[in-house]
1. Can you name the residue in the stretch 268-281 that is at pLDDT 90 or above and outside any loop (DSSP other than H, G, I, E, B) and is also surrounded by the fewest Cβ atoms within 10 Å (Cβ to Cβ) among such residues?
2. Give the number of residues within the stretch 114-134 that are modelled with pLDDT of 90 or more and surrounded by fewer than 16 Cβ atoms within 10 Å (Cβ to Cβ).
3. What number of residues in the stretch 31-51 are surrounded by 12 or more Cβ atoms within 10 Å (Cβ to Cβ) and not in a helix (DSSP H, G or I)?
4. Restricting to the stretch 52-101, give me the number of residues that are part of a strand (DSSP E or B) and either at positive phi or hydrophobic (A, V, I, L, M, F, W, C) (or both).
5. For the subset of the stretch 183-212 comprising residues that are outside any loop (DSSP other than H, G, I, E, B) and among the β-branched types (V, I, T), which member is surrounded by the most Cβ atoms within 10 Å (Cβ to Cβ)?
6. Does the stretch 54-64 include one or more residues that are within 16 Å of I89 (Cα to Cα) and either exposed (fewer than 13 other Cβ atoms within 10 Å of the Cβ) or not charged (D, E, K, R) (or both)?
7. Can you tell me how many residues in the stretch 200-246 are small (G, A, S) and in contact with a helix residue (DSSP H, G or I) (Cβ under 6 Å, 6 or more places away or on another chain)?
8. I need a count of the residues in the stretch 224-238 that are acidic (D, E), assigned to a helix (DSSP H, G or I) and more than 17 Å from E269 (Cβ to Cβ).
Amino acid sequence: MNPKIACDPALEGDPTIARIREALSAPGPFVFRDNLPLFREIFSSGIALRALRIALRRAVDDPDYQLPQFVMEGLIKGWTFLATEQFSISLGVRGSGPADADDVPLEDIPDAQLPRIQPYPFDLFLGFLATGHLAMDRYRIVAPADEQGEYRLQHEGRLEVGSGDSMLLRAGEDVSVSRLRGSLVYMEITGNPQVAVLPQFDPKTLAFCGWISGDPVASRLELLTRTLVEFEHRGALEEMLAISRHRDHYVRWNTIRHLLRLDPDAGIERLEEARRDDHPEVREAAELTLARLAELEA
């Protein structure tokens, strides 16, 4: 077995690459959570710095060189420099934002500047290479005891995080809320997505406030159907009807919602069908929506 490892060719001879290849060649399935010693070894090996030096040399030799798989999202910049079929390794940089200010209460920060709190859909190993002052509150997500209850966050402790520290955040189970003064440089080792739907929590009250897709494909479908509605593109009606029967219940429901705006007759017809949907939340939402529409027509 020769595991596929995607990285810069100049990094392929690195001893850490050989160690990764050895681990991935072991018999049996690769279980992310069972390989924390490997991830700590990768983190302490210095491979992130060596990958960065190779990239800097590429930039010196070629003025048009650009980092592959580089992303910027708000205060975070990230670069994935190695990928396997089981996990990927990224180098990240984060600056401080409005929610990091110790002297400003969360209640005084506009909601638009505070993203909702949610777990990751994948297991994530975090290694901190260089930190300013970083404090992290860790929470565990607790499922409701019955259908009438709600998901909640249970506080597991507060950590003062320094350079060289590392942690595991489990897919769909762990949440961290951090405050940072200064800048943070870190390494992420990210497993494959495992959780399709993730709970969200209000950043001020920590109360459960809804669901979000953990599947990037499903998220793009939801964005696509919403965009088609914004452009009133009735030519996409047939495709939207097909997407409204997607395997994931949250994709089905969001598409039905968008259908109601694009073509009310087609949307109501799908609502009637959704009363018999396989998923109880879709059935309930369809019943409530039809009842509300009936009230508006009365």
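1. Step by step, filter the stretch 268-281, then rank; the result is E272.
2. Here the count works out to 1.
3. 2
4. 12
5. Applying the filter and picking the extreme gives I189.
6. yes
7. Within the stretch 200-246, residues that are small (G, A, S) and in contact with a helix residue (DSSP H, G or I) (Cβ under 6 Å, 6 or more places away or on another chain) number 4.
8. 1
The values are calculated or read from the model by the stated rules, or taken from the named source; none is laboratory data. Note that this is a predicted model, so its numbers are computed, not measured. Reconstructed Cβ throughout: ideal geometry from the backbone, glycine too, with neighbour counts over all protein chains shown.
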